[in-house]
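Notes follow the structure.
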Amino acid sequence: MYDVIIVGCGVTGAATAFTLSRYRLSVLVLEKENDIAMGATRANSAIIHAGYDPEPGTLMARLNVKGCEMAQELCGRLDVPYKNCGSLVLAFDEKDIETLHVLYERGVKNGVKQLEIISGARLREIEPNVSQSAAAALYAPTSGIVNPWEYALAMAEVAALNGVRFLLSHPVTSISKHDGCFTVSCGSEQFDARYVINAAGVDSAVVHEMVAEKAFAITPSRGDYFLLDKSEGSRAMHTLFQCPGPAGKGVLVSPTVHGNLLVGPNAVSCSDAHRVNTTADGLAFVKQHALKSVPSVNFRDTIRSFAGMRANSDQNDFIIGFPVPRFLDLAGIKSPGLTCAPATGEYAAELLEKNGLELIPKESPVTSRRKIRFKELSIAEKQRLIAEDPLYGRVICRCETVTEGEIVEACHSPIPPVSVDGIKRRAGTGMGRCQGGFCGPRVLEILCRERGISPLDALKDGEGSFILFGETKAGGRT
Amino acid sequence: MAEMVCIVCPRGCRLTVDEASGAVTGNSCPRGEAYGRSEILDPRRVYTGTVRINGAALPRCPVKSSAPIKKPLIMDVSRQMDKVTLSSPVKRGDVAIKNVLGTGVDIIVTRDM
Amino acid sequence: MNWELIVIGAGPAGLAAALAAYDKGLRKIAVIERDRYAGGILNQCIHNGFGLHRFKEELTGPEYALRFIDRLKDTTIELICDTMVLHITADRQVHTVSAENGYQVYSADSIFLAMGCRERPRGAISIPGDRPAGVFTAGTAQRYINLEGYMCARRVVILGSGDIGLIMARRLTLEGAKVLCCVEIMPHSSGLARNISQCLKDFDIPLYLNHTVTEVTSANGRVSSVTVSEVDENRAPIPGTQKVFDCDTLLLSVGLIPENELSREAGIEIDPRTNGPVVYENMETSMPGVFAGGNVVHVHDLVDYVSEESARAGEGAAKYVLSGKTASNEVFIPITNGENVSYTVPQRVRPANVEGSIKLFFRVRNKLGASVIKVSDTSGRQLAAFRRVSMSPGEMENIFLPKDVFEKALGSLCVSASEA
């Protein structure tokens, strides 16, 4: 019998596990994919929003401002790439300037600090490549950027070190309620728990309806992005938004924590929440709108295009609450869900406690994490590291300077990867300009060696994403 | 008249071959003329591929046919590669398959492994 | 230890440069290679067709590489493998890292850049659709199949008609895969005509010119189909022309990019037309004592020319080291690309440093029939002209320009091509 089962391990589930792992509780996380952070968390704008977007008084507003305040310290402690680059909402006409004032007022009400509306001249001073037609901007210095999947991974890894159990490739198929407990089924496997948390992202309505009446609908919205080479990385110094419309926050142009440039997204509501494909129209839309903010973006230096899925709902706020006793929904976590995550995790713990879960702090829980990033070390540190373990002297990913030592470390991390992209999310291989063309086969080889799997079973990413069909010279050719 | 691109060298001359007389035009060298004629009468290709190797840094060893092989036999020759496993060390020129499919042509190693 | 020459990369360019520098008298030469053995990408290019120009016989990639590697043991050239160069500096220090030797900084009188090139990934062309397993660059597939012995494809669509893609069409077919088609967005192939003939036609693989891939779909995480559409003269897909191919693999052969991260970081001037360093007549870059050759300068279609160009650069480096000085950069003739010409290498010529003549490489933008290549100076005066029966963007052209052309030139020289 677990005290708590968390269904779904995106950034919200991970943050909740991280928070609960500080207490003397037995916690199980069930994730349907073969890695954590495989839904909205893996493909989004990677922004720590300041908190001027949500309507004052909403949960979103409260958790956003708090999550933004927590991010810098937390990322430092968890060794997650984070940069407090600030954001600018650009205004191109009078109507936009009115919107800036609305956002400013909202931000002030929500408790966002240091907000200011700046002139076009000042804007161009701090953001030299911005369009000449941008007339003013809302400047939010507290906003930042983060590596979203590493944020989730770091929190989950620390939770795992504190004893939280993670079961990947465990899709929840049903939940039944008994006296004082729930039985959560993943096919033929069953797990009992006193409390269940629904953090199932785009599937949160399905999970909700396993135990409660239908109360909301998830209305997933897909968006396309371009990731550009580091040669374009300084095209924007801040996250550049356009004024938000009914479809969302619009197309942004932003630096990334890795030094690339991120451009996107559009917003298309879609029926299949699990098909995360880009479209020609979507990419064209993004390109056109991004050039309005920064006309000099050189899309020839694109290294990747991808799409992300937002778990939007038919409600105006996050859906956080108990539809039945001891079953907590963390559902409809749309933007700014990434920013909110650590605050959402704490809020979830608070709600569980109010509903009878005893939270007794552990004496000395793990609260931080350190990672070796070879390329960021000084020469002396590099020398010392290689002397200790020569594998840190062998560079496997040449674009991002990731060594075999870092890949081996990733293979044996608290939530071990099962795919080449799982290594990518942990060690940063294949993130660069060749997108794994050179290092892919070698990463596969190391993954197989370290995890004891056959190359023929190795996956690129999710379940079924086999890379190799068999050996050559196996006969049977037609 | 048959038209073809000469594959003898990277220049890729466009050849025209008179099937009746075997006369070749469009070539820039005698080798091109020979290629054009053989392509009509008895087209041949050099086969390149790999065979298994044990004990080397890599599990496959590159090989080629020591001379061009009749084009229709190329797929059959490729299948023959499945039947051989070399053991390191091998040197370029070593014979991996003698007289492959009775063609009189050997399959030889192209890398020291 | 101080080296007279450090060569970065032991592929065909690096090996040719090192040997040429040795032949011209340098003795302290190090070749640093990131892989476990020398030969570079030639090791996975197991097909034949190399060396006709240089050795007058047809060799496979590994055999071509061995012709150079064999010579190393008779020299004092030191080959340092499994070692990655992290930085180079203007004072010609080379920062390296390896499992065996840790972090090492070497100094050199001269450096030769021979990092080669990399393939453009899917992201560079933003093909819409899913992002499943089964989308490979042709070179990655080549490595899996030829070196590692794994089949990474069974039913294949190839996008792009670059030479590696064409070669892989044949390799995959010989290994038992079914190649459904090769798709090229341009009205002409970017690969050599001989490869269209011997890799596609020989195996009845259709080539769709003026077509591109407009969608990738997946099932269970692997490619399940690829949609191909015809494009108009602006290369935009034409609605209603879609063909859907059920397949498990999309192979990309959509271009190569010189790998110049080290050069850029060091502050070496890069030519946006080639993505390689701007070079002088002796293949010296904008940084004195730093030379470059092969695919790091501009993407070649024949390794023979990589070797030839790099050998010239190696000789340039030797001359630089032995004379203790570089040619003055103050007086040079810039070479510009005119009508129908997309770039030239070298981009700058110092007339005082020319012995005899200069071999100038360039590519044309479009397929041309019988043409004239003209070389004129800023005053419009034509200083040289050459005839060609035909020219194609897929095939690199070269012309020899004698020293006196540069001595006579006023201002810059412009190379242009037009149909006669």
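What are the trypsin sites (Lys or Arg not before Pro) within region C:388-417 that DSSP puts in a loop, where the Cβ has at most 12 other Cβ atoms within 10 Å? It would help to have the intermediate numbers written out before the result.
Values: sites: C:R388, C:K403, C:K408; in loops: none.
Listed in order of number, the matching sites amount to none.
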Computed log₁₀ I(q)/I(0) - Debye formula, equal Cα scatterers, no solvent, region C:288-382, q 0.15 Å⁻¹: -0.72
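In peptide C:98-110, how many Cβ atoms from other protein chains are near each Cβ within 10 Å, on average? All intermediate terms of the calculation are to be shown ahead of the outcome.
Working: counts 5, 11, 4, 3, 10, 13, 2, 1, 0, 0, 0, 0, 0.
That works out to 4 on average.
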What FRET efficiency, computed as 1/(1 + (r/R0)^6) with R0 = 22 Å and r the Cβ-Cβ distance, is obtained for A:R449 and A:R373, rounded to the nearest 0.05? 0.50
Helix-derived [θ] at 222 nm for the protein assembly as shown: sum -39500 (n - 2.57) over DSSP H runs of at least 4, divide by residue count, nearest 500? -7000 deg cm²/dmol
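For region C:121-254, what proportion of DSSP beta bridges, expressed in % and rounded to the nearest 5, is antiparallel? Write out the running numbers ahead of the final one.
Numbers: 13 of 30 bridges.
Here the share of antiparallel DSSP bridges comes out near 45 percent.
Going by C-beta contacts inside 10 Å, put A:H412, C:H298, A:H170 in order with the fewest on the left. The partial results should precede the final answer.
On the way: A:H412 10, C:H298 28, A:H170 21.
Ascending number of Cβ neighbours within 10 Å: A:H412, A:H170, C:H298.
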For C:D35, what residues show an amide H to amide H distance below 5 Å, using hydrogens built from the backbone and excluding near sequence neighbours? C:D82, C:T83
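Under the definition of partner shielding as Cβ atoms of other protein chains within 10 Å of a residue Cβ, what is the mean value for peptide A:458-468? Can you show the working numbers first?
Details: counts 2, 3, 7, 4, 5, 2, 7, 9, 8, 8, 9.
Across the residues of A:458-468, the mean count of other-chain Cβ atoms within 10 Å is 6.
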Local net charge near B:R111, Cβ-Cβ under 15 Å (Lys/Arg +1, Asp/Glu -1): +2
Using the Karplus curve 6.51 cos²θ - 1.76 cosθ + 1.60 with θ = phi - 60°, what ³J(HN,Hα) values do you get for each residue of region A:256-272, in whole Hz, with x for Gly and Pro? 10, 5, 8, x, 8, 10, 10, 10, x, x, 8, 9, 10, 6, 9, 7, 9
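Can you give the Rg to Rh ratio of region B:48-109, both from alpha-carbon atoms, with Rh computed by the Kirkwood formula?
On the way: Rg = 11.1 Å, Rh = 11.6 Å.
My calculation puts Rg/Rh at 0.96.
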Take the alpha carbon atoms of chain C, find their radius of gyration, then divide it by 2.2 N^0.38 Å using N residues; give the quotient. 1.02
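What FRET efficiency comes out for the pair A:R77/A:Q132, r = Cβ-Cβ distance, R0 = 51 Å, nearest 0.05? Write down the numbers at each step before the final one.
On the way: r = 42 Å, r/R0 = 0.82.
The computed FRET efficiency comes out at 0.75.
Provide the three semi-axes, in whole Å and in decreasing order, of the ellipsoid equivalent to the protein assembly as shown as defined by the square roots of 5 times the Cα gyration tensor eigenvalues. Before the final figure, lay out each step's value.
Numbers: eigenvalues 557, 222, 161 Å².
Calculated on Cα positions only, the semi-axes equal 53, 33, 28 Å.
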Longest exposed-site-free window of chain B, the sites being trypsin sites (Lys or Arg not before Pro) in a DSSP loop that have at most 12 other C-beta atoms within 10 Å: B:1-90
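Mind sorting B:C13, A:C270 by how few other Cβ atoms lie within 10 Å of their own Cβ, fewest first? All intermediate terms of the calculation are to be shown ahead of the outcome.
Values: B:C13 22, A:C270 15.
Result, fewest neighbours first: A:C270, B:C13.
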For A:I360, A:I218, C:I358, what's the fewest-to-most ordering of other Cβ within 10 Å of each Cβ? A:I360, C:I358, A:I218
Tell me which of A:G120, A:A380, A:P342 sits at the most positive position along the dipole axis of the protein assembly as shown, charges placed on C-beta atoms (Lys, Arg +1; Asp, Glu -1). A:A380
Taking placed amide H atoms and a strict 5 Å upper bound, the residues 5 or more places from C:M396 or on another chain that come that close are C:D301
Need the list of aspartates and glutamates near A:K334 for cross-linking: C-alpha distance under 12 angstrom, and skip anything on the same chain fewer than eight residues off. A:D314, A:D317
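Suppose we look only past 16 Å in the calculated P(r) of chain B. What percent of the Cα-Cα pairs does that tail hold?
Numbers: 3937 of 6328 pairs.
The share of Cα pairs beyond 16 Å in chain B comes to 62 percent.
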Along Cα→Cβ, 7 Å out, is where each label goes; now give me the distance between the ones at A:E350 and B:N54 in nm to one decimal. 6.8
Within chain C, the percent of DSSP beta bridges that are antiparallel, given to the nearest 5, stands at 60
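Which entries of A:K214/A:K354; C:K201/C:K374; A:K460/C:K178; B:K64/C:K374; A:K214/A:K249 show an alpha-carbon separation above 32 angstrom in the structure shown?
Values: A:K214/A:K354 24 Å; C:K201/C:K374 35 Å; A:K460/C:K178 22 Å; B:K64/C:K374 43 Å; A:K214/A:K249 29 Å.
Too far apart for the 32 Å limit: C:K201/C:K374; B:K64/C:K374.
Where does the longest stretch of chain A lie that holds no GluC sites (Glu not before Pro) found in a DSSP loop with 12 or fewer other Cβ atoms within 10 Å?
In short, A:1-212.
Let me know the whole percent of all Cα-Cα pairs from chain A that are separated by more than 42 Å. Please report the intermediate quantities before stating the final value.
Numbers: 18626 of 114003 pairs.
Summing the P(r) of chain A above 42 Å gives 16 percent of all pairs.
Considering only DSSP beta bridges whose two residues both sit in chain A, what percent are antiparallel, to the nearest 5? Numbers along the way, then the final one.
Values: 51 of 71 bridges.
Among the beta bridges of chain A, antiparallel pairing accounts for roughly 70 percent.
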Considering only C:A141, C:M115, C:C182, whose Cα is most displaced toward the positive end of the charge dipole of region C:62-185, charges sitting on Cβ of Lys, Arg (+1) and Asp, Glu (-1)? C:C182
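Using a Förster distance of 22 Å, how high is the FRET efficiency between C:R154 and B:D76, based on the Cβ-Cβ distance and rounded to 0.05?
Numbers: r = 20 Å, r/R0 = 0.92.
With a Förster radius of 22 Å, E is 0.60.
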Could you name the lysines whose alpha carbon sits less than 20 Å from that of A:K83, not counting residues in the same chain fewer than 8 places away? A:K66, A:K113, A:K230, A:K371, A:K375
For region C:355-420 the GluC sites (Glu not before Pro) that pass both the DSSP coil test and the at-most-13 other-Cβ-within-10 Å test are C:E355
q = 0.34 Å⁻¹, region B:2-41: log10 I(q)/I(0) [Debye, one scatterer per Cα]: -1.26
Contour excess over end-to-end distance, with Cα ends at A:N316 and A:E98 and 0.36 nm allotted per residue: 76.2 nm
Search the structure for amide H atoms under 5 Å from the amide H of A:I6, placed 1.01 Å from N in the peptide plane, and list their residues when 5 or more places away or on another chain. A:L28, A:V29, A:L30, A:I197
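Each reported figure results from applying straightforward, stated rules to the coordinates on display, with no laboratory input. Everything numeric here is computed off the predicted structure, so don't read it as measured data. All Cβ positions, even for glycine, are placed from backbone atoms using ideal geometry, and neighbour counts span all protein chains on display.
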